[in-house]
Each structure stands twice: as C-alpha cells, then as structure tokens.
Amino acid sequence: MKTTKTTYNRRSFLKASMLAGGGMMLSVSWLSSAKAADKLEALNVPGQWVELNGYIQITPDNVIRLLCPNPEFGQNVMTSLPMMLAEELDADWKNVVVEMGPHDNTKLGPQFTGGSNSVRMYWKPLREAGAAARQMLCEAAAQTWNVPVGEVAAKAGVLSHSSGKSAKYGEMATKAATVAVPKGMKLKSPKDFTIVRNSKKNVEGLKVITGKPLFGLDYRADGMLIAMIQHPPAFGMKLKSFDASQTLKMPGIKDVFSLKLYEDGFVQGGFDTRTFNDLLVVVGKSTWEVMNARKKLLVQWEPTGDSKDTMAGRDGKREVTIPGGLESTSAQLEKMQEMAKKPAQLLRKDGDPETAFKNAAQIIERTYNAPFLAHNTMEPMNFFAHVTDDKAVFVGPLQAPGWVEPTLSKVLNLPADKIEIQMTRMGGGFGRRAYAHYMTEAALISKKVKAPIKLIYTREDDMTYGIYRPMYTATYRAALDANKNLIGFHVKGGGIPEHPVHANRFPAGAVDNYLAEGWEIPSNITIGAFRAPRSNFNAAAEQSFLDEVAEAMGKDPIELRLELLKRAKENPVGKNNEYDPDRYAGVLTLVRDKSNWNKGGNEKYHRGVAAYFCHNSYAAHVVDMVTRDGQPYVERVFSVIDCGIVVNPDSAKNMVQGAVVDGIGNAFYGALTHKNGAPEQSNFHNYRLIRHNEAPKQIDVHFVENDIDPTGLGEPPFPPVFGAVANALYKTTGKRQYNQPFKADPEKRI
Amino acid sequence: MAQCGACTVHLGDTAVRSCQLPVSAVGKEAITTIEGLSAKGDHPVQKAWLEHDVAQCGYCQAGQIMSAASLLKSNPKPTDADIDAAMSGNICRCGTYLRIKEAIKSASTNNG
Ligand code: FES
C-alpha cells in the first residue's frame, strides 16, 4: 500500500502503521487512554515496536499494542479479545492500544468471527500469549537486576523486586524479546482477574462517534475505480447477452464486461456459496456514475436450467445438482406441505414413539413455517481489491479471511503468501460476511481491468442477491396420557434447501418416547448462516409449541420446562443430549425470579417466556407485551444468559439488548419472499426493520455468575426471543402464531 | 433511498438525508457532517454516546448522532415520544435503540 511518512504527528503515525501492517486500519485507543495517545504522538517509527509474540508489541516508551486477531462486526471483540491478553500480561489497560491484525492464520490463529466463537476460541491462546509475554518480561528484569526470576513481581505494567528495584514493561521489552518463549504457563484463577469481568469501553468508540473512515465503504486508494454487478432479475436466471453501448457512453465509465466467477468443476468449500456465477460488471470512476450507467445496460437473461456444482466433501468432492426453475413463495409453501407428508430421514429415536402416540389420550399437533430472511447488514457488501501479476491486496469487511484465501489463491492462480487481506470494521455481519464471494468477484474484476477497484453492492443488490436464512417448516406432536403426562414427542422438520432439526437438543433426553426426522427440498436460492439460522427457527417453533403443550397439561410454562429438565438430569433418555440440564434450568429459574413471573405487579402486561440452548450457551427471556395504538408492543424484556465467564460485562449486555431488539424485529417483520424467482423486497420500504419507536423501553439483562470458561454470546440470546414474543402475542391476542413473520391477526397472511 | 438514515447530515440545524439532498436544495445553508459536529468528538451528544458505549457495529451511529444533535437543538428536553418521532428515520440493524435513547437523555441533561 502506498504510504508516505513525513512528520511525526498523529496522522503520519497512522500512515506509517499502514506501511507496517500492510493494511488500512489502525485502531488506536485514543479514548481509553489520553496518555497512550500522547505516547504514540511522540513515537517516530513503528520499527521501535518490540514484538513479544504475534499479538503483543511493546515500545521502550511503555505503550503496549495488542493485535486483535478477529474482525469486528459490532460484538466488540476488538475490546474483549485484547482484554483477555492484557489480563494475563498484567498490563495497565490505560497504556494499551488495540489494532486490528491483518490476515495471518499462522501468527494469529483461525481469525473467524462467527458461530459465537471468538471469545471461546481465543480464551486460552490469548491468555497463554499474555502470560508468556509477562514471564519473558519478568525474566528480563531478573537478568538485569541479577535476582531470581521467582522474586520479580509484575503488576499493572510495572516489574518490581523487594530490593526496591522497579521498571516499566517498556524498559525491559527489548531484552524480553531475546528471552526464550516459555511454554505451559499457569493461567490466573478467575478470582484474580482485574481486567476481565470489568467493563471496558469500546476501543474504537471515539472513532465511531467522530465518523472516522473505519468501514470498507469508507476506504479509498489512489487510482481506485468503482465496480458494480448487474445481476439477473431472478434466481434461476442467467446472463444470455448484453448491449453496453449506451452504458459506455455515460460519463466516467471505463469498462463493461462479463466474467465467470468459478470455472466449471471448481471445487467449492462450504463458504464459497455464490448467488450467480456469470457476472455482468460495470466499472467507472465514481459510485454515482456507475450506478447511473448500469441502468442503461440492455441485457437478455435466460433460464439457467438445472446446473451442477462441485462441492468439497469429507470423502472427496461430490456433484450437487442445483435445480433450475423460477420459484415462488406460495408454490414453495405447497411443496413443503407435500414433502412434510412423505417419509423423512430418521435423525433420532428413543423408546417407542409409535406406540406412545397410538396409546395417547390426547395428541397435540402443530405446524410452524418461516420464510427466507435477508441479513440486511447496515453496510452493504463491498470489497477493495488490487490484483497485479504477482500480488493481490484486499481491504474490506469480512468475517473469515482464512476461508476465502484458498479460493482467491485458486481463482487468481497466486500462492497464498502473495495474498494480503486487511479486514476493516464491518457494518454488521450476522453470518453474511462469512460468504466472501463478493471478495472473489472484486478480485477478478481488478485483475480484468488491471486497476485497484472497489466492488460495491447497492442496498437493492445486497437484498436481492443474498445468502439468506433458509425457509423452514416443522411439525411438532406431543402425546399426553390420560393423566396429562407427556409420554411422546415428535418433531419432523424440513426446509428449502436444508432442514432445521437439532435432534439432540431439548426436549430430547427428557421424554421417554422421542422421534426426530428431517427432509429437504433443493433450491437455486442461496442460503447460509444467519445469527444461528436453524436455532432461531427452532426456538420460535418449539418454544411456542411447548407453551401450548403446557397449557394443555394445565401447567405453568416455566414449571413444565423445569420438570422436563429435572428428568433429563436425573434419568436422561438417550445418550447424545447436547445440553446441560442444570444450566438450562438455571436461566429459567433466574428469569422467573428476575421478572417476578406469576407474582403481582405485572398485571399491565401479557407475558411470554422462552428459553433455548445453542452455541454452547443458554438464554431465557420473559417478554412483556401491551397493546399500544391498537398494536401489540413489547414494552419490557427480562433476559438471562449463561455463557460462562463474561469478559466485558457492559458490552455483553449491549449485545444481548441488541439481540432482543433484532429478535423482535425479525419476528414481526422479517420475510424475503419470491415471485417467479425474483425477490419481492428490495429496500427498507418493503422489508421492514425494527425502528426506534418499536424497540422496548426496558431490557433487563442478567448473566448467570459462574467460573465456566466463556461460551458463545453473539447468537444464543437471539433465538428464544422469537418464542417469547409468540407466547406473549398469544396472551395479548388469544391467537397462536404458526407463521413468521408474526401478525396480531394471524389470519391476514402475507 | 432515504430508507436507513445512515447518511444523515445537517442542513443549517436540521437533520437531512444526504442521499436524498440535491445540491440545489442546499442554497446558502451550511452543511454539517459528523466530522464537523465537533473538532475532537466532544459535542455533548458524542460524549453521551461514549458514556453509554452505544455503538455495536457503529455503521449507523454517525447518522444517529446527527439526528440526535438536531433534535436537541430544536428541543433541548425531548420526551420519549419526541425521541421516537425524531429518531425513527434512523435504522440500527444492531438494535442499539435503548442506549441511543439513554444517551439522548444524558445529553439533554448535560445541556442544562
Ligand atoms: S450499531 Fe450497527 S447498525 Fe447501528
């Protein structure tokens, strides 16, 4: 990247760092430490950083720079991951600056932000790196002072010895870098934490509120052109021919061409999903010019017909047929109903469910449906690429650089070490940016035009050729005996193109006779991760169903769940139950207490409860609904989460509150429907997102306190929101919700 | 366009969406972007945003702050309903609405 270093002011420091990091982003904690910022201003060249390991750099002036391995999309990993490092390093947080690391899986680990995994995956490695660096600093002090290393203490960035000697970390850093890296460090016990579990402000807070160019869409480079793709108007269509003569006459336009993303037979990994393979590209000087010129394209599209993709699989590659055809939501729903009647794949069976249902005094059977969902990240997809004969440089928003690198390497025919990726702050991810086809598109476009380019999706592009949350359905059946005991449970779930069933989750393990089945309908509509895609459907359906079963049994919904969990703990059915019944029951009892469930003082509200386990964590919500201006409105929510140790409590709370708002919004409005293959929604006028006035007035968040290593948090609070909202809606309107998005009057369907 | 509010700027003291603002409509009024709200990020609204650590991904926040600053200029003590009305044009996909509201209230108090 072209950078010049002139004077030693703050800006030039930023530029110089770009040179060192090979990317555009430097995330310095101006806010959390004025002192650190002053120190940085006094620094001249980044060469003065002493690197203790891949993550930790210290200057002789005692500024500690921690590299965040994982890209940031709002879950605040740029703060929480460095906190874990700083804890074991015993750094003074005031002197810590945080920078987003470049893509470097060798030095920085897997670097995947998603699956509620960042804190969980890095909990041990980052603390070990911090502890090792601390030990190296102690060793350096011991050598300098000629005392046994065991006598050197390290605290808040200062080394000391009983003789009265002391030194800041920075003073010992150069020497420490020569010490052999210790292994097998003993890590702190949670009771000794001073940084972890103590809320720290977002290290990029000041940059965000002053509008600094943090995002991919903000990024600029000299000579950079803008590219946009004209995609087919419908899934199941592809490019036939085009006439670009009018487009090329428009101001600022450099080139119009078509290109193929993957060659025939290209072996796709699980995250190489792409919506369309034949791309029609317009390249020009500015976003505005390209956007206008793109409208002048005359394009002929044709049906794709059935096509084949080659997928990498555990036992070598396999061919998958992608059906042609122009799909419509109504026809999809009919097809799903038909499939639901046919025999399906057995996923789990305990006891003798057939007999249990045959002998049942009462059977409750309900079917739930949910549409595709679009991610609608606030920042649409985009990526900067500069591909030359011997090198490729990328800058932009991305959840999993390690997964796209092999693809880029193959597509560009460049070795991996010639591919440089710098991740920017993402304007939202929610799973969408784990599918980096937009980056591969940018790569091929840059290669073709031999220039640095930024590929930009407009809001409409982003919504209409997405990687959606699949369309799901599930039929649940419960068998009750004459005494209203639950003697059988059956779930049969299906989807386009994948089924949602987690066969080994609750209530599996709690019912003697249990059956789980799944079926799938292939489709040409592209799907992928979406804040726990299967779980957020399941938690809506299953938690609504359990509410209805509790009612039929004459039981309180929390009480029924707790009884089942007791059974799962004391005398579990089957072997592979994924959840811990105690932790599951723990979030339910705590939310019962915190919300004063079934106690006085809540008469104003219609209350719904739900709980769910996913991504190794447990979440329960009580949703308090009122009718406002004739519409159901969630005014208050109580949320309880068990995700083990909470690294940064205030920002964890923020994320749970966000998950609740996101859940309410998606439950009421989320739907991406199709007509003849074409998405029927394209922007926020017809794809509603929840707005200020619809968000609850109060969301109380409580974390179960324990010393369990951290599990996930990005996803787990989200799924049960749907179920709790559905159950509160039933109390409000007297009507059960079987179809998403929910409606006060479910008869009025989309 | 004019759907999400992320591009909100001030025309004079009024919050407008720059994606929908023809240059001809600007006239003699000053345009203020987030960068112009304060030199160091110490406008009362910005300070309140930091105090409440509002941002998640942060993409919408410049627009939220511009709408909030404009609201407080015309209405220094907004009610919940005033805030809802003034802020509902700004979507936050991460769902930080509660903290935005708290921050606006803090900024309102700090304004005296
Ligand atoms: S903070 Fe992410 S969209 Fe508002």
* Give just the number: which of (1) more than 12 Å from chain A (Cβ to nearest Cβ); (2) in contact (Cβ under 8 Å) with a residue 60 or more places away in the chain; (3) crowded, with 19+ Cβ neighbours inside 10 Å does residue B:6 not satisfy? => (1)
* Structure fact -> Those residues of the stretch A:103-131 which are touching a Leu at 6+ places or on another chain (Cβ under 8 Å) and not basic (Lys, Arg) amount to A:108, A:116, A:118, A:119, A:122, A:126, A:128, A:129, A:130, A:131
* Could you tell me which residue of the stretch A:153-187 is nearest to residue A:59 (Cα to Cα), considering only residues that are without any contact (Cβ under 8 Å) to a residue 40 or more places away in the chain and crowded, with 16+ Cβ neighbours inside 10 Å? => A:172
* Taking residue B:103 as the residue in question, decide whether it is more than 9 Å from chain A (Cβ to nearest Cβ), touching a Pro at 6+ places or on another chain (Cβ under 6 Å) and surrounded by 15 or more Cβ atoms within 10 Å (Cβ to Cβ). => no
* To do: Go through the stretch B:15-30 and count every residue that is loosely packed, with under 13 Cβ neighbours inside 10 Å and either within 11 Å of another protein chain (Cβ to nearest Cβ) or in contact (Cβ under 8 Å) with a residue 24 or more places away in the chain (or both).
  => 0
* Structure fact -> Among residues of the stretch B:31-62 being buried (at least 24 other Cβ atoms within 10 Å of the Cβ) and over 11 Å from the mean Cα position of the chain (by Cα), the residue farthest from the other protein chains (Cβ to nearest Cβ) is B:48
* Asked: For the stretch A:323-344, does any single residue satisfy the condition of being at pLDDT 95 or above, surrounded by 18 or more Cβ atoms within 10 Å (Cβ to Cβ) and in a strand (DSSP E or B)?
  -> no
* Asked: Only one of (1) modelled with pLDDT of 95 or more; (2) touching a strand residue (DSSP E or B) at 6+ places or on another chain (Cβ under 9 Å) fails for residue A:319. Which number is that?
  -> (1)
* Taking the stretch B:20-36 only, how many residues are more than 16 Å from the ligand (Cβ to nearest atom) and assigned to a helix (DSSP H, G or I)? -> 6
* (1) part of a strand (DSSP E or B); (2) at positive phi: which one isn't true of residue A:242, the others all being true? -> (2)
* Structure fact -> Selection from the stretch B:70-98 of residues within 11 Å of another protein chain (Cβ to nearest Cβ), crowded, with 22+ Cβ neighbours inside 10 Å and touching a residue at least 12 places away in the same chain (Cβ under 8 Å) yields B:83, B:87, B:90, B:91, B:92, B:93, B:94, B:95, B:96
* Among the residues listed as A:259, A:225, the single one being more than 14 Å from chain B (Cβ to nearest Cβ) and either out of contact with any Gly (no Cβ under 8 Å at 6 or more places or on another chain) or among the acidic types (Asp, Glu) (or both) -> A:259
* To do: Just name the residue that is nearest to the other protein chains (Cβ to nearest Cβ) out of those in the stretch A:67-82 that are closer than 13 Å to residue A:109 by Cα and part of a loop (DSSP other than H, G, I, E, B).
  => A:71
* Mind telling me which of the residues A:202, A:198 ends up being in a loop (DSSP other than H, G, I, E, B) and either aliphatic (A, V, I, L, M) or facing chain B (nearest Cβ under 10 Å) (or both)? => A:202
* Asked: On the given criteria, is residue B:67 surrounded by fewer than 21 Cβ atoms within 10 Å (Cβ to Cβ) and within 16 Å of the ligand (Cβ to nearest atom)?
  -> no
* the stretch A:625-638, residues that are under 15 Å from residue A:732 (Cβ atoms) and surrounded by 24 or more Cβ atoms within 10 Å (Cβ to Cβ) -> A:625, A:634, A:637
* **Subset of the stretch B:37-89 (residues that are farther than 25 Å from residue A:688 by Cβ, in a helix (DSSP H, G or I) and of a type outside the set (Phe, Trp, Tyr))** => B:37, B:44, B:45, B:46, B:47, B:48, B:50, B:51, B:69, B:72, B:73, B:74
* Could you list, in sequence order, the residues of the stretch A:640-682 that are within 12 Å of chain B (Cβ to nearest Cβ), among the hydroxyl-bearing types (Ser, Thr, Tyr) and farther than 23 Å from residue B:49 by Cα? -> A:669, A:682
* To do: Please give the number of the condition residue A:338 fails out of (1) more than 30 Å from residue A:517 (Cα to Cα); (2) away from the ligand (no atom under 16 Å from the Cβ).
  => (1)
* Structure fact -> Those residues of the stretch A:186-195 which are part of a loop (DSSP other than H, G, I, E, B) and within 31 Å of the chain's Cα centre (by Cα) amount to A:187, A:188, A:189, A:193, A:194, A:195
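The values are calculated or read from the model by the stated rules, or taken from the named source; none is laboratory data. Since the model is a prediction, treat every value here as computed from it, not as a measurement. Reconstructed Cβ throughout: ideal geometry from the backbone, glycine too, with neighbour counts over all protein chains shown.
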